[in-house]
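K.L.:
Structure provided below as structure tokens; questions to follow.
The values are calculated or read from the model by the stated rules, or taken from the named source; none is laboratory data. Just so it is clear, the model here is predicted, and its values are computed rather than measured. Counting neighbours? That spans all protein chains shown, and the Cβs are built from the backbone with ideal geometry, glycine included.
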Amino acid sequence: MKRLKVAVFPALFAVAQLSGTSGARAQEYYMDLHVGYNIVDNGDLEYEAATFSAGYEQRPAFGGSFGYLDQSGFRIEGELTYRDNDINYIDGASGKGRMTSTALMVNMLYELRIGSGSGYAYGSGSESPLRPYIGIGGGGARYTMEATDNLATGDVIDDTTYGLVYQGILGLGVEVTETALVTLDFRYLVSDNVKFSDVAGTAFEVDAIQATAMFGLRTTF
């Protein structure tokens, strides 16, 4: 995760230096709806005495954001996204379950305009419709985990908790009208040491690391 931070922050600084050559662009508010595919990269159950591996199915995610784009290309937005992943196993046992998360984030992004083309969003007539962007975000998430260790038994985990989250974002927007863009991005969401308890009251932690590919529609006003 340190490598992610080392990579994201210099990249944001580098693209920010290009803003001086990008010319004036309109200040605008926007709304975004997105849907995607979520992978739990890591979600092992870490008890004090032992760590149990867990396997998760890849499942959909969906959400939205509301934000502001300034003249330099920097964006700030609030994001609410829901993710839901089934649990296939816990340390090889035949049980089933699920882990869900609802994350409320504040994201800071830089959006670069390049080349020549339609320039729909900013009215210059000389811009490319492509809008690559990069960003970071932080906030909080509500996590719920339900699981059985055997299909013939009841829940051994049924708990809801909260954790701090942060993410890196890398994406591309394409203008399709003067006020609309379609977007495709990758979000790497991390929440360290999310604290749960099983039904026996024994505490454990999960380093919830999730990778999400998102397709979205963004409208400006």
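K.L.:
Scanning region 1-59 for residues that are among the polar types (S, T, N, Q), under 26 Å from residue 82 (Cα atoms) and in a strand (DSSP E or B), which turns out modelled with the lowest pLDDT? Lay out the reasoning, then the answer.
P.N.:
Here is the first cut: in region 1-59, the residues among the polar types (S, T, N, Q) are 17, 19, 21-22, 27, 38, 42, 51, 53, 58.
Subset that is under 26 Å from residue 82 (Cα atoms): 38, 42, 53, 58.
Checking the rest, the ones that are also in a strand (DSSP E or B) come to 38, 42.
Working: 38: 97, 42: 88.
Step by step, filter region 1-59, then rank; the result is 42.
K.L.:
Here is a list of conditions, (1) farther than 17 Å from residue 55 by Cα; (2) at pLDDT 95 or above, and residue 100 meets all of them except one; can you say which number that is?
P.N.:
Of everything listed in (1) farther than 17 Å from residue 55 by Cα; (2) at pLDDT 95 or above, residue 100 misses just condition (1).
K.L.:
State yes or no: is residue 158 assigned to a strand (DSSP E or B), surrounded by 16 or more Cβ atoms within 10 Å (Cβ to Cβ) and in contact (Cβ under 8 Å) with a residue 40 or more places away in the chain?
P.N.:
Details: assigned to a strand (DSSP E or B): yes; surrounded by 16 or more Cβ atoms within 10 Å (Cβ to Cβ): yes; in contact (Cβ under 8 Å) with a residue 40 or more places away in the chain: yes.
For residue 158, the condition - assigned to a strand (DSSP E or B), surrounded by 16 or more Cβ atoms within 10 Å (Cβ to Cβ) and in contact (Cβ under 8 Å) with a residue 40 or more places away in the chain - is met.
K.L.:
In addition: Would a scan of region 172-187 turn up a residue that is in contact (Cβ under 8 Å) with a residue 24 or more places away in the chain and under 23 Å from residue 98 (Cα atoms)?
P.N.:
yes
K.L.:
Can you find a residue in region 178-185 that is among the charged types (D, E, K, R), modelled with pLDDT of 95 or more and under 29 Å from residue 27 (Cα atoms)?
P.N.:
Going residue by residue through region 178-185, those that are among the charged types (D, E, K, R) are 178, 185.
Then keep just the ones that are modelled with pLDDT of 95 or more; that gives 185.
Those left that are additionally under 29 Å from residue 27 (Cα atoms): 185.
Among the residues of region 178-185, at least one is among the charged types (D, E, K, R), modelled with pLDDT of 95 or more and under 29 Å from residue 27 (Cα atoms), which makes the answer yes.
K.L.:
Take the conditions under 21 Å from residue 189 (Cα atoms), in a strand (DSSP E or B), of a type in the set (D, E, K, R) and touching a Lys or Arg at 6+ places or on another chain (Cβ under 9 Å) and apply them to residue 75. Does it pass?
P.N.:
Working: under 21 Å from residue 189 (Cα atoms): yes; in a strand (DSSP E or B): yes; of a type in the set (D, E, K, R): yes; touching a Lys or Arg at 6+ places or on another chain (Cβ under 9 Å): no.
So residue 75 does not fit the description; no.
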